[in-house]
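Report on one structure; see the data block that follows.
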Amino acid sequence: MFSGPEIAATLAELDFTHVVWIPDSATGPWETALAAAPALRLVRVCREGEAWPLAAGLHLGGQQPLVVLQTTGLFESGDALRNVLLDMRLPLYALIGVRSELVADSRDSARTFAEPILRAWGLDCVWLRAAADRTKFVEHVRRCRQEQKPGAALLAEGPP
Amino acid sequence: MQRKPHSGMPVADAVQVLIDHRASGQIVVTNQGAARLWPKLSRRPLDLHYNPSTMGGAIPLALGLALAQTQREVLVVSGDGALLMSLGALVTVSGSGAANLTVVVLDNGLYEVTGGQKTPATAAVDFAGLAKSAGFPSAYRFRDLAVWREQAAAALSAAGPRFISLEVEPMPPEYLRSPTPPLAEQIVEFRREVGGRVEISSVQSCCRAGS
C-alpha cells in the first residue's frame, strides 16, 4: 500500500520522532527507509507488550512515538495497552497491520477481532485500505493529537 | 545452583544503597514491590513508581525514557517475577544502544505483592549472566550487603547499559502495605520536572467512566 519512503516521509511530516515496532510481512519492507530517515529513530522490540510501555517512556520524555505492530501482537499486548492508554492516560498512536483484511471471505481470526478489540479498548481508529488513504491517516493522527486522545490506524493487509 | 529460600540482603538496605548513590537529575522507575518500598525511603520529582503496572513493563518504560532523555541517567528497579515475564526486554535494551540506563532486579524468587508465592524458578537464576548474554556490557550480581555497598559506585558507573542483580530477602510487610503514590499525580510532577510537551489523554479509563 505505502512504500517505505512514502511512509517515512509521512511520519516525518507528522513529527513522529520514534517508530517502536515489530514488523510483519506488509510493514517489514519499510525497514530500510525507516532506519534511514533522519528525523526518525527505529526502535526494535522483542515482544509487542514491550512496545506500549516503551512508547509511554518516550512520550513522558517529551518525544512523539508511533507504535507499529500486527493484530496478533495487538492481542498479545492488551494489558500493556490498557495500562498505558487507560491507566496512565497517554495519548499514544499506533499503526496496526490487519492480516487477511484484503482477502475476500477470509476466516482469519486475526482479522475478525481486530477492530472490535480496539473499539472495546475505547480507541478511536481509522481504516487504511489503499494508498489514497494517506490523507485520511494524516488527518486522523492530527485529530487525535488535537483532542489529546489515543488512536490507531488499521492497515488492511493481504494474506499472511 | 540451588538457592536457599528467602536468602539474601535485607531489601530496604539494598535499595538504600541505590538511593545513596543517586545522581542529581537521574530518573528512577520502579514497579511492583519496589514501587512500594522506594517511595517510603525517598521521594523526588523524577521518580516514577509504576504500580499497579503491567508486569514486565517497567524496563521498556525506562528504556523509552532513556532514549527520550539522553542527557539523563535512568535507573529502573524491577522484581525478578516481573523480569521473568519479559526477559526479551534485556535484548531490547542492549539492542537499543541506550548507554544511560541501569537495570536493577531485586531477586527474591517470589511474586511478592500477591503474597509471596514462588516464581517458576526452583534454582537460582543467574540474571546477570542472562543480561551479559543479551549484550549488556556491564552485569553484576550481589548477594552480600557489605560487598554491594563496597562495589555499588563502580557498578553504577560502569559502561552502560548496566545490569545489577541484587539477591534480597522478602520485603517486610510494613513496606508491602505502603501505598504507591497515585500515578496521575506522579506524572504531573514528573512532566513538570522533565519539561517539554507531555500530553495526558482526554479519554477516561473505562472504570472511571463507570461503564
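Is there a residue being assigned to a helix (DSSP H, G or I), of a type in the set (D, E, K, R), within 30 Å of B:L183 (Cα to Cα) and more than 14 Å from the chain's Cα centre (by Cα) anywhere in segment A:68-78?
yes
Is it true that some residue in segment B:161-172 is assigned to a loop (DSSP other than H, G, I, E, B), modelled with pLDDT of 90 or more and over 29 Å from B:G116 (Cα atoms)?
So far as segment B:161-172 goes, yes, one or more of its residues are assigned to a loop (DSSP other than H, G, I, E, B), modelled with pLDDT of 90 or more and over 29 Å from B:G116 (Cα atoms).
In the list B:T70, B:T30, B:T54, which residue meets the criterion of being touching a Pro at 6+ places or on another chain (Cβ under 7 Å), of a type in the set (S, T, Y) and not in a helix (DSSP H, G or I)?
Criteria check complete, one pass: B:T54.
Under 7 Å by Cβ, and 6 or more places apart or on different chains, what pairs join a residue from segment B:124-142 that is without any contact (Cβ under 8 Å) to a residue 24 or more places away in the chain and under 13 Å from B:P161 (Cβ atoms) with one that is crowded, with 18+ Cβ neighbours inside 10 Å and of a type outside the set (D, E, K, R)?
Pairs found: none.
Quick one: is B:T180 within 14 Å of chain A (Cβ to nearest Cβ), buried (at least 21 other Cβ atoms within 10 Å of the Cβ) and free of Cβ contacts under 8 Å to residues at least 40 places away in the same chain? Before the answer, list the steps.
Working: within 14 Å of chain A (Cβ to nearest Cβ): yes; buried (at least 21 other Cβ atoms within 10 Å of the Cβ): yes; free of Cβ contacts under 8 Å to residues at least 40 places away in the same chain: no.
So B:T180 does not fit the description; no.
Looking only at segment A:1-45, which residues are in a helix (DSSP H, G or I) and surrounded by fewer than 16 Cβ atoms within 10 Å (Cβ to Cβ)?
Of everything in segment A:1-45, those that are in a helix (DSSP H, G or I) and surrounded by fewer than 16 Cβ atoms within 10 Å (Cβ to Cβ) turn out to be A:P5, A:E6, A:A12, A:E13, A:G28, A:P29, A:E31, A:T32, A:A35, A:A36.
Is at least one residue of segment B:117-131 at pLDDT 95 or above, crowded, with 17+ Cβ neighbours inside 10 Å and of a type outside the set (A, V, I, L, M, F, W, C)? Show your work before the answer.
Going residue by residue through segment B:117-131, those that are at pLDDT 95 or above are B:126-131.
Then drop every residue that is not crowded, with 17+ Cβ neighbours inside 10 Å, which leaves B:127-128, B:130-131.
Filter once more, so that each one left must be of a type outside the set (A, V, I, L, M, F, W, C): none.
No, the conditions are met nowhere in segment B:117-131.
Does any residue of segment A:133-147 turn out to be charged (D, E, K, R), modelled with pLDDT under 95, over 20 Å from A:V19 (Cα atoms) and surrounded by fewer than 20 Cβ atoms within 10 Å (Cβ to Cβ)?
no
Considering segment A:54-82 alone, what residues qualify as being within 13 Å of chain B (Cβ to nearest Cβ), of a type in the set (S, T, N, Q) and crowded, with 24+ Cβ neighbours inside 10 Å?
A:S77
So which residues in segment B:85-96 are at pLDDT below 95 and either over 24 Å from B:V15 (Cα atoms) or crowded, with 19+ Cβ neighbours inside 10 Å (or both), if there are any at all?
Answer for segment B:85-96, where residues must be at pLDDT below 95 and either over 24 Å from B:V15 (Cα atoms) or crowded, with 19+ Cβ neighbours inside 10 Å (or both): just B:S86.
Does any residue in segment A:120-132 that is away from every other protein chain (no Cβ under 14 Å) come within less than 6 Å, Cβ to Cβ, of a residue that is of a type outside the set (S, T, Y) and part of a strand (DSSP E or B) six or more places away or on a different chain, and which pairs are these?
Qualifying pairs under 6 Å: A:V126/A:A153; A:W127/A:L154; A:L128/A:A153; A:L128/A:L155; A:R129/A:A156.
Could you check A:D133 against (1) part of a loop (DSSP other than H, G, I, E, B); (2) out of contact with any helix residue (DSSP H, G or I) (no Cβ under 9 Å at 6 or more places or on another chain) and say which number it fails?
(1)
Please find, among A:T17, A:T10, the residue that is within 14 Å of chain B (Cβ to nearest Cβ), touching a residue at least 24 places away in the same chain (Cβ under 8 Å), farther than 17 Å from A:V98 by Cα and of a type in the set (S, T, N, Q).
Unique residue meeting the criteria: A:T17.
The values are calculated or read from the model by the stated rules, or taken from the named source; none is laboratory data. Nothing here was measured: the structure is a model prediction, and the numbers come from that model. A quick note on method: Cβ atoms are made from the backbone with ideal geometry, for glycine too, and the neighbour counts reach across all protein chains shown.
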